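Working notes for the structure below.
The values are calculated or read from the model by the stated rules, or taken from the named source; none is laboratory data. Not measured: the values here are computed from a predicted model. Positions of Cβ are backbone-derived with ideal geometry, glycine not excepted, and every protein chain shown enters the neighbour counts. Heads up: the accessible areas ignore ligands, DNA and RNA and are worked out on the full protein's heavy atoms, side chains in. Shrake-Rupley method; radii C 1.70, N 1.55, O 1.52, S 1.80 Å.
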Amino acid sequence: MNSFAQWLTKTSLSHTFRVQESWLVPGVQSIHIIGIAVIMGSLLMIALRVLGWAGTDQTLRQTTDRFGPWVMWALALQLVTGIVMIITEPARELVNFSFWTKMVFVAIGTTLAGIFLIGFPKHEQRWEALVKSRTFKSMVIVTFVLFLCIIVLGRLIAYDHIWGSWSPATQEY
Ligand code: HEM
């Protein structure tokens with residue numbers, strides 16, 4: 001991964017992004033942070049409705065129709081802004097324990113959210129009993145906590161040394 005990061009750093013695109021770094025990185029990171037707020041706010045509204053703790057004046061279908069698209073589009077936004085930050089600083093991101101752990105959590109979280117937000121509207125009757133089950137409610141809580149972990153890992157990318165020898169950033173190449 002280190003040699004790939006070195007190769008990417010030498011590309012003209014990476015160089016161009018770094019030349020524009022003074023506004024590009026803070027601009028893209030700001031959009032990334034707005035994306036976090038949209039994802040967490042929308043996931044919270046859906047989770048509170050599934051658990052029956054809020055929004056019970058709406059059906060679950062109305063709630064997922066309203067907030068589901070925001071989750072999916074904001075995840076796409078995170079991917080695009082994330083890729084721009086990776087191209088700008090390849091070694092900082094790709095040679096990083098927090099980054100790769102975060103990407104594993106993003107893959108699991110996106111899959112769990114995607115299965116529900118795409119599957120439920122399509123097969124509402126089939127999901128009717130499941131969404132009332134204790135297992136499903138636990139999965140909703142697990143998914144939300146997973147995204148909270150993604151936020152912490154995203155912030156720890158800049159402090160990867162805290163993982164000691166687990167962090168490739170502390171290894172001499
Ligand atoms: C979808 C794929 C994603 C990619 C490729 C990605 C990539 C990145 C990258 C490269 C950084 C910059 C880290 C740095 O240089 O300090 C970052 C920061 C961060 N990301 Fe993501 N990210 C993604 C999704 C998410 C999601 C879903 C969340 C939370 C819901 C998230 C939360 C954060 C946070 C909290 C930071 C630190 C922001 C800061 O300190 O300014 N990311 N992400």
Probe 1.4 Å, accessible area per residue of the stretch 2-170, Å² | 58 Å²
Express the carbon and sulfur contribution to the solvent-accessible surface of the stretch 2-170 as a percent, rounded to the nearest whole number, probe 1.4 angstrom.
-> 70 percent
Rounded to the nearest 500, the 222 nm mean residue ellipticity computed for the chain from DSSP H runs (n ≥ 4, each -39500 (n - 2.57)) alone is -26000 deg cm²/dmol
Normalised per residue, the volume inside the convex hull of the alpha-carbon atoms of the stretch 2-170 in Å³ amounts to 125 Å³
Can you spot the aspartates and glutamates whose alpha carbon is less than 19 Å from Lys137's alpha carbon? Ignore those fewer than 8 places along the same chain.
-> Asp57, Asp65, Glu124, Glu128
In the chain, whole DSSP H helices that both stretch 15 Å or further along their axis by alpha carbon positions and average at least 0.5 on the Kyte-Doolittle scale are 21-51, 60-88, 97-122, 134-156
Once you have the Cα-Cα distance between Gln20 and Ala76, take 0.36 nm times their residue separation minus that, and quote the gain in nm to one decimal.
-> 17.9 nm
Hey, in the GNM for the chain with a 10 angstrom Cα cutoff, which one of Leu51, Leu130, Leu79 fluctuates hardest?
-> Leu130
Furthest towards positive pole of dipole, Leu94, Val25, Pro69, structure part the stretch 22-120, Cβ charges = Pro69
Pair Leu13, Phe136: separation of 7 Å Cα→Cβ label points (nm) = 4.1 nm
Charged-residue dipole, Cβ positions (Lys, Arg, Asp, Glu), the chain about Cα centre, Debye nearest 20 | 440 debye
